[in-house]
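In what follows, a single structure is set out as structure tokens and then discussed.
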Amino acid sequence: MTNKENKKEEVETKKKAETKEVKEETKKEVKEEKKEEVKKEVKEEIKEEKKEVKVPSKFKNLVKEIEEMSVLDLAELVKLLEEKFGVSAAPQVIAGAPAGGTTAEAGASEGKTTFSVVLTAVGDKKIQVIKTIRDVTKKGLKDSKDLADAIASEPQAIKENAKKEEAEEIKKLFEEAGAKVELK
């Protein structure tokens with residue numbers, strides 16, 4: 001090979017490397033733009049879903065204090081109220097659901113035709129999980145976000161009495177979104 005050919009090959013290699021770098025930078029920029037778009041959409045939808053609720057004057061101070069609480073404080077308050085008054089904020093279990101038994105036993109029983117899809121952890125991709133909750137439950141953004149936040153304190157039933165195929169499909173959707181799911 002001549003010196004001229006070596007230089008030509010070096011130039012081509014540099015061009016390829018530069019092109020590859022530009023493509024990678026462009027991909028990163030597109031990803032960042034998409035993230036920003038999703039964040040804006042979520043914020044806009046939250047604003048749209050906020051309703052003006054008329055609060056009676058006797059509850060105004062209480063509602064104001066609750067609005068200023070963090071999610072963790074609210075979860076702690078809910079648990080306290082549940083214990084104090086013997087009530088539960090958890091969704092009611094529909095008759096026909098298995099009484100007792102483990103998840104493994106419930107999933108292994110061949111006679112079982114309906115399942116409850118229970119979300120046990122949100123994972124790192126919270127926005128994706130919220131979107132999946134919206135798609136599966138047909139709830140609004142705020143309700144879906146509240147449900148995702150509630151999972152931090154205890155697992156939440158997303159779908160009850162679902163057929164096996166539907167339950168497995170829902171489980172797959174949530175796992176792809178980064179959440180941890182159990183079928184009961």
>> Based on this model, can you work out whether A75 counts as within 25 Å of the chain's Cα centre (by Cα), at pLDDT below 75, surrounded by 10 or more Cβ atoms within 10 Å (Cβ to Cβ) and among the aliphatic types (A, V, I, L, M)?
In response: no
> Of all residues in region 109-147, which are without any contact (Cβ under 8 Å) to a residue 40 or more places away in the chain and outside any helix (DSSP H, G or I)?
Replying inline: S109, E110, G111, K138, K139
> How many residues does region 51-76 contain that are under 19 Å from D143 (Cα atoms), of a type outside the set (A, V, I, L, M, F, W, C) and not in a helix (DSSP H, G or I)?
Replying inline: 4
> Is it true that some residue in region 4-26 is modelled with pLDDT of 85 or more, charged (D, E, K, R) and within 24 Å of the chain's Cα centre (by Cα)?
Replying inline: no
>> Just to verify a result, which residue in region 140-184, among those that are among the basic types (K, R) and over 24 Å from K79 (Cα atoms), is surrounded by the most Cβ atoms within 10 Å (Cβ to Cβ)?
In response: K171
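In the list A167, A162, A97, which residue meets the criterion of being outside the structural domain of K43 (by TED's automatic domain parsing), at pLDDT below 85, touching a strand residue (DSSP E or B) at 6+ places or on another chain (Cβ under 9 Å) and over 23 Å from K40 (Cα atoms)?
Details: A167 fails: at pLDDT below 85; A162 fails: at pLDDT below 85.
So the residue among A167, A162, A97 that is outside the structural domain of K43 (by TED's automatic domain parsing), at pLDDT below 85, touching a strand residue (DSSP E or B) at 6+ places or on another chain (Cβ under 9 Å) and over 23 Å from K40 (Cα atoms) is A97.
Out of everything in region 148-184 that is touching a residue at least 60 places away in the same chain (Cβ under 8 Å) and hydrophobic (A, V, I, L, M, F, W, C), what residue ends up being nearest to V136 (Cα to Cα)?
Taking region 148-184 and keeping what is touching a residue at least 60 places away in the same chain (Cβ under 8 Å), we get 149-150, 152-154, 156-157, 160-161, 179-184.
From the residues that got through so far, the ones that are hydrophobic (A, V, I, L, M, F, W, C) too are 150, 152, 157, 179, 181, 183.
On the way: A150: 17, A152: 19, A157: 12, A179: 14, V181: 13, L183: 15 Å.
Going through the qualifying residues, I end up with A157.
The values are calculated or read from the model by the stated rules, or taken from the named source; none is laboratory data. Just so it is clear, the model here is predicted, and its values are computed rather than measured. When we count neighbours, we look across all protein chains shown, and the Cβ atoms used for this are built from the backbone with ideal geometry, even at glycine.
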